[in-house]
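Participant: Questions regarding the structure given below will be posed in turn.
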Amino acid sequence: MLRSLLTVSALELRTRVRDRTALIIAIIVPVAMATLFGVALGGDDPPLRATVGIVDQDGGEFPAGVRREVLASTELSGVLTLRDLPGREQAQRALDAGDIGAAIIFPAGFSDSVGAGEGGRVGVLTSADTPLAGVVANAVVDRISSLVRARTLAVRASLEAGVPAAEVKEFVERNGAAGPALTLENDPMAGGRVDLSVYYGAGMAALFAFFVVGASFRSLLIERKQGTLDRMRAGPIHGWVPIAGKAVVGFALAMVSVCVTWGSSVLIFGSTWGDPVAVFTLLLAHVLAATAITMLVASRARTDAQADGVIMVISFVAAFFGGSLVPLYTLPDVLQTIALFTPNAWTTTGLTGLAGSGAGLASVALPIGVLLAIAVAAFGLAATGFRKGLLG
Amino acid sequence: MTSTLTCENLSKTYGGVVAVRDVGFTVAPGEAYGLLGPNGAGKTTTISMLVGLLKPDTGTVVVGGADLAADPMAAKAKIGYVPQEIALYPDLTGRENLRFFCRLFGLPRREVRARVEEVLDLVGLADRADAKLDTYSGGMKRRINIGAALLHRPELLILDEPTVGVDPQSRKSILDGLERLVADGMALIYTSHYMEEVERICSRVAIIDHGSIVAEGTRHELVELVGGADRIELTLDGDVETALAKLRGLGGVTEAVRTSAASVRLIAEGGRYLLPSVISTVDGIAAVTAVEVVEPDLEATFLHLTGSTLRD
């Protein structure tokens with residue numbers, strides 16, 4: 001059984017080496033991708049070196065909370081600078097002049113209004129020239145908005161319950177019903193400190209793994225067309241041998257491909273991907289998931305051309321929703337939820353987390369677990385598909 | 001004598017359509033068994049079940065004492081399968097193709113080289129063994145296609161249209177080789193559209209139609225089924241359809257079919273004596289430009305049993 005499997009794998013590898021696809025997809029393209037992203041995007045994420053203006057016409061707890069959190073954050077220290085500005089017009093002029101990347105405007109009476117259960121509105125000024133700084137400002141405001149909603153709800157409930165309006169603020173704070181305190185977390189998916197060459201390099205590696213594995217399963221369907229698959233299956237070998245033999249080569253070449261992307265990025269551009277054991281394990285889990293998904297497609301496809309098309313669509317959809325092509329934090333909430341169903345999102349999240357934090361294997365246990373679950377589910381469905389089709 | 005192959009009650013249905021129904025036969029060592037049928041009759045489905053590519057809905061296949069369902073590895077080790085298409089790798093040489101299938105089918109490493117050379121000699125391609133397959137002629141490809149099925153020394157060789165698109169010289173070479181294998185004791189199942197090949201190679205023939213075996217026996221036994229009738233091939237110039245209708249009503253004619261725009265085939269008892277009546281029947285409707293009378297053969301039997309010619 002093992003010898004037969006290795007014989008199929010050896011022929012597949014030899015074919016891929018002979019037609020140079022192995023060299024192109026496992027070495028040249030990954031090095032090219034790492035080089036491209038290293039040259040184009042190497043260095044720290046630009047928006048976090050930007051300055052965000054604060055117009056504090058309120059003088060209350062919310063603008064104070066923003067200042068306090070930014071100053072207290074070790075992750076944002078020296079990266080994000082706040083500049084106080086007296087009014088909206090001054091903020092707009094500073095933005096137009098490029099002195100700040102975005103501005104947050106707290107109107108007068110904002111904190112009092114929220115404290116009275118009447119909500120409030122915070123303004124944000126952004127510029128098309130500094131989109132990612134705008135993302136940071138919007139992220140801060142999003143967090144303020146959730147606090148405002150929680151505080152407003154608590155105040156209204158207290159008023160309904162008969163707490164006097166003059167005492168409601170103190171009542172809410174004393175009973176801990178004001179919602180969580182304002183915190184600015186380091187979240188790479190939402191614009192944290194990430195080397196963009198690592199972010200996009202990881203994304204491209206995640207995307208390309210699908211193509212690399214897909215090529216092996218495409219060759220399985222070509223063998224079905226040319227009759228060699230039936231000839232193999234009519235021989236004294238287990239029906240799974242040709243499938244497993246192809247899968248092994250696809251998996252191995254995809255691992256080489258993602259590892260070469262990683263190695264090139266580190267060795268040529270000195271990028272930091274984080275703990276090597278954790279990175280390797282995460283890449284391994286991603287390639288397993290990609291192998292299982294492309295195997296599932298091959299198990300249901302009628303022709304190699306159909307499999308090619310479907311794998312292409314799945315790869316790009318997973319890459320888009322999974323943050324391989326555009327940063328996840330730029331997507332609307334609903335798309336970020338959809339992203340959770342793609343292996344790319346978990347891989348990209350895990351890798352950027354490792355790159356940005358210096359954490360180890362334990363920190364990516366969840367992404368690895370999800371990727372393995374995706375792999376197991378897809379392998380199971382593929383096995384059913386092959387039993388009904390190719391091996392039926 | 002113990003059979004090399006015994007299959008019983010093989011049936012396969014696809015979405016309510018019966019492809020094969022209760023097919024069963026045996027093949028003894030050193031026997032060549034022909035499987036004939038028009039396109040869509042169920043030959044390929046039957047062969048696919050015999051080689052383990054398709055699971056039958058019902059029935060059993062036993063090869064050399066091994067049940068294909070219960071012990072597929074043992075059964076398949078005794079089967080050599082030659083598919084209709086050239087099921088080999090065009091980018092590899094002939095020798096590389098054979099070496100691959102030797103290893104895949106588990107021949108001991110030390111035997112691979114010798115066995116590949118033996119098979120190359122057997123199919124007469126030792127001198128072209130290191131050329132890529134896509135440089136081979138059609139006949140050479142067919143020969144190496146057969147060779148790949150012989151590598152693991154099967155007891156039963158199943159050939160599905162092994163001479164399609166082959167020049168006469170290569171066809172002769174292939175048929176000579178198959179006759180030698182049968183003489184050496186190998187069992188053979190052979191399907192072909194070339195009736196003369198089946199008549200030459202096979203000692204027993206089954207005719208399959210609409211998924212069932214409609215007749216089985218030696219060539220002589222099958223020919224007897226048409227009652228010693230002759231086959232008359234007519235080429236006509238004129239109103240062929242009207243002539244055909246008239247001929248169908250002629251006493252002694254048991255079958256009459258149009259085989260081309262200007263050709264008609266008749267099956268008739270004592271056909272050679274009926275010839276003057278045939279010519280007078282079509283007189284004034286069509287002129288007889290050529291005529292051939294053939295004594296009873298498998299082709300006539302096939303036509304009699306299935307209502308169509310083998311190449312329809």
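Participant: In degrees from 0 to 90, rounded to the nearest 10, what is the angle of the helix A:241-269 Cα long axis to the longest principal axis of chain A?
Facilitator: In chain A, helix A:241-269 runs at an angle near 50 degrees to the longest axis.
Participant: Still on this structure: Please compute the average number of Cβ atoms from other chains found within 10 Å of each residue's Cβ in peptide B:81-93.
Facilitator: Mean inter-chain Cβ contacts per residue within 10 Å come to 4.
Participant: Describe numerically, in nm with one decimal, the distance between label points set 7 Å from Cα along Cα→Cβ at A:R387 and at A:F341.
Facilitator: Modelled inter-label distance: 2.5 nm.
Participant: Going by alpha carbons, how many degrees (0 to 90, nearest 10) lie between the helix axis of A:276-300 and the longest principal axis of chain A?
Facilitator: 60
Participant: Using only Cα atoms, find the angle between the long axis of helix A:131-160 and the longest principal axis of chain A, and express it within 0 to 90 degrees, rounded to the nearest 10.
Facilitator: It works out to around 60 degrees.
Participant: So if I place +1 on the C-beta of Lys and Arg and -1 on the C-beta of Asp and Glu, and nothing else carries charge, what would the dipole magnitude of chain B be about its Cα centre? I want it in debye, nearest 20.
Facilitator: The calculated dipole for chain B is roughly 1100 debye.
Participant: Sum -39500 (n - 2.57) across every DSSP H segment of at least 4 residues in chain B, then divide by the residue count to get the 222 nm mean residue ellipticity, nearest 500.
Facilitator: Computed ellipticity for chain B at 222 nm equals -10500 deg cm²/dmol.
Participant: So, one more: How many Cβ atoms of partner chains, on average, are near each residue of B:99-105 if near means within 10 Å of its Cβ?
Facilitator: Rounded to a whole number, the mean comes out at 6.
Participant: Right, here's the next one. Compare the Cα positions of B:G59, B:A262, B:G177 along the charge dipole of the protein assembly as shown (+1 at Cβ of Lys, Arg; -1 at Cβ of Asp, Glu; about the Cα centre) and return the one farthest towards the positive end.
Facilitator: The Cα lying farthest towards the positive end belongs to B:G177.
Participant: Going by average Cβ neighbours within 10 Å, how do the peptides B:212-224, B:281-293 rank, with the highest at the top?
Facilitator: Ranked by mean Cβ neighbours within 10 Å, highest first: B:212-224, B:281-293.
Participant: Within 10 Å of each Cβ in A:232-243, how many Cβ atoms from other chains are there, averaged over the peptide?
Facilitator: Average neighbour count from other chains, rounded to a whole number: 6.
Participant: Compute the distance in nm between two label points, each set 7 Å from the Cα along the Cα-to-Cβ direction, one at A:T81 and one at B:H210.
Facilitator: 9.2
Participant: Then there's this: Add -39500 (n - 2.57) for each DSSP H run of 4 or more in chain A, then divide by its residues: what number comes out at 222 nm, to the nearest 500 deg cm²/dmol? Before the final figure, lay out each step's value.
Facilitator: Values: 15 runs with 250 residues, N = 392.
Value at 222 nm, helices only, nearest 500: -21500 deg cm²/dmol.
Participant: Among the listed pairs A:K246/B:K76; B:K55/B:K76; A:K225/A:K246; B:K12/B:K43, give every one whose C-alpha distance is greater than 19 Å.
Facilitator: Correct reply: A:K246/B:K76.
Participant: For the pair A:S363 and B:Y273, how long in nm is the line joining their label points, each one 7 Å along Cα→Cβ?
Facilitator: Inter-label distance under the simple model: 10.4 nm.
Participant: Continuing with this model, one more query. Based on the alpha-carbon gyration tensor of region B:185-232 and its eigenvalue square roots a ≥ b ≥ c, which shape applies: rounded if a/c is under 1.5, prolate if not and a/b is larger than b/c, or oblate?
Facilitator: Prolate shape, in that a/c is at least 1.5 and a/b is the bigger ratio.
FYI, it's all coordinate maths here, none of it is from the lab. From a predicted model like this one, the values you see are computed outputs, not experimental measurements. Glycine also receives a Cβ, built like all others from the backbone with ideal geometry; neighbour counts cover every protein chain displayed.
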